[in-house]
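For reference, the structure discussed in these notes is given below.
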Amino acid sequence: MFVFVMVALLICTEAPGSSAVTPVFVQTGQDVFLDVNEADVPEGFFYFLWRFNGKNYLLSVSPNSKPNILGDYTGRIELSEKKYSVTLKNLQNTDSGVYTAQVTANVDKTLAEYKVTVQDPVSPVGLTVDSVSPSSDSCNLTVTCSSVDSHISSTFTCDDTTCSQEGGERSEVTKSGASLQVYHLSNASIICNHSNQVSWTQDMTKNIWVFCPLRCVAGAESHTSVCVVKTVVFSVGLVIMVSAVITVHLMEKIKKKNKAKKNEQ
């Protein structure tokens, strides 16, 4: 009888001085730890409760007694070494809501409050190239970043040295509340990213230049293209490096041969 009287009192009484609500995001099927600082529990309290959305009760504690797990939460709550803290296991979407730790003493008091949001992991994404439109001085590349319930398209314009994204980085909120983004990195990779607060997936192109190759014959009007210069410099450097390796190898071989002749004498 005492239990039900105290529960009724807590229902009818709005606890003054409530603490700030702490947001917590949990992936579906995972656990959440709801912590209470034992030092905040007043001595000589009458009753302690964990509540869900202000009406459902998870746990009750009275002085000098073991914690009592209530209702449908039997088997879903793991007690902590800290007497008033609990771990709620295997959360589902219906477990999203506000969890409040309250104590009844001379004055009712809220000790902790958590706004728990349970989210499914985001779906995989795919990045596809829709079109490539080369011209004499640039190349336009249009891509689509797609998830299960949404998609976003973006166009990139590239010249011989750089790429820019039309309108800047593109992003939108999907029907499931996740974020879908498409953007490019300085190394010319295009990224398709799908994320929420508990998970993320990603797809990417290795290099924009695979679809918009550097035009080594472009810029004939100016007699020299950046691509040709880069190619020549790279080729000369490669020849010098290979020649140096061969020279060192031959010198070592000659030294060994001369040393062997001296030993024979």
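Here, each number is a calculation from the coordinates, and none is a lab measurement. None of these values were measured; they are calculated from a predicted model. Backbone-built Cβ (ideal geometry, glycine too); neighbour counts: all protein chains shown.
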Problem - Test: ASP149 is assigned to a loop (DSSP other than H, G, I, E, B), within 30 Å of THR28 (Cβ to Cβ) and not basic (Lys, Arg) - result: yes
Practice task
All but one of (1) of a type outside the set (Asp, Glu); (2) surrounded by fewer than 17 Cβ atoms within 10 Å (Cβ to Cβ); (3) under 20 Å from LYS115 (Cα atoms); (4) over 33 Å from the mean Cα position of the chain (by Cα) hold for ALA39, so report the exception by its number.
Solution key: (3)
Handout entry: Hits in segment 93-128 - residues which are out of contact with any helix residue (DSSP H, G or I) (no Cβ under 9 Å at 6 or more places or on another chain), of a type outside the set (Gly, Ala, Ser) and over 30 Å from ALA39 (Cβ atoms)
Key = ASN93, THR94, PRO121, VAL122, PRO124, VAL125, LEU127, THR128
Problem - Single condition SER131 does not satisfy, out of (1) touching a Leu at 6+ places or on another chain (Cβ under 7 Å); (2) without any contact (Cβ under 8 Å) to a residue 12 or more places away in the chain - result: (1)
Problem - Unmet requirement for ASP120, which otherwise passes all of (1) surrounded by 15 or more Cβ atoms within 10 Å (Cβ to Cβ); (2) over 30 Å from SER179 (Cβ atoms); (3) in contact (Cβ under 8 Å) with a residue 40 or more places away in the chain - result: (2)
Completion exercise
Within segment 156-174, residues being out of contact with any Ser or Thr (no Cβ under 6 Å at 6 or more places or on another chain) and part of a loop (DSSP other than H, G, I, E, B) number 6
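Taking segment 112-137 as the region of interest, how many residues are part of a loop (DSSP other than H, G, I, E, B), over 20 Å from the mean Cα position of the chain (by Cα) and under 20 Å from HIS184 (Cβ atoms)? First the steps, then the outcome.
Of segment 112-137, the ones part of a loop (DSSP other than H, G, I, E, B) are 120-125, 135-137.
Those left that are additionally over 20 Å from the mean Cα position of the chain (by Cα): 135-137.
Next, only the ones that are under 20 Å from HIS184 (Cβ atoms) stay: 135, 137.
Adding up the residues that qualify gives 2.
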Exercise for the section: Please find, among TYR73, TYR84, TYR99, TYR114, the residue that is of a type in the set (Phe, Trp, Tyr) and free of Cβ contacts under 8 Å to residues at least 24 places away in the same chain. Expected result: TYR73
